[in-house]
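Single-structure report; data block below.
A short reminder: the numbers here are calculations on the coordinates, not readings from a lab. No experiment lies behind these values; they were computed from the predicted model shown. Heads up, the Cβs are rebuilt from the backbone with ideal geometry, glycines too, and the neighbour counts pull from every protein chain shown.
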Amino acid sequence: MKNCSKCGAKMIEKPAETPEGFEYTYYKCSKCGEEIIDMKQLRNIAEKYRIMKKYRAKLSKWGLSLGIRIPKELVNKYGLNEEDEVSIIPEKNGFLIINEKQY
Ligand SMILES: [Zn+2]
């Protein structure tokens, strides 16, 4: 249970929703109305935004392998160029592509 940093009264966890429709919770003071969000709540909502910011790409056959077309926005953002070498790091549900130039 949290207490308000302004008046010391009990803070109640309340549900809310972002304009994008993500549900989250925050704490509101039962006395003075002070509102706060703690790190756990913040991480929770940051993760929802992270997942929302995803890109779709179609795979195409390239010899025996599959090629992936990287969207222009990501090419620019990460400074990728033709013939660049990247690392592919397998993870549980997919993989990461790392631009080695940034190390
Ligand atoms: Zn208060």
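Tabulated data
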read-out	value
Computed [θ] at 222 nm, helices only, for the chain once each DSSP H run of length n ≥ 4 contributes -39500 (n - 2.57)	-5500 deg cm²/dmol
Distance between modelled label sites at SER30 and VAL86, nm, 7 Å Cα→Cβ extension	5.2 nm
Cβ-Cβ FRET estimate between ARG56 and LYS6, R0 fixed at 35 Å, reported to 0.05	0.15
Ordering of 57-70, 27-40 by packing [mean C-beta count within 10 Å, highest first]	27-40, 57-70
Percentage of interatomic Cα-Cα distances in the stretch 39-103 larger than 20 Å	43 percent
Cross-link reach list, aspartates and glutamates versus LYS14, counting only Cα pairs under 13 Å and skipping chain neighbours closer than eight places	GLU23, GLU34, GLU35, ASP38
Low-density loop positions, GluC sites (Glu not before Pro), the stretch 40-92 - DSSP coil, at most 12 other Cβ in 10 Å	GLU82, GLU83, GLU85
Label-point separation, LEU42 to GLU23 (7 Å along Cα→Cβ), nm	2.4 nm
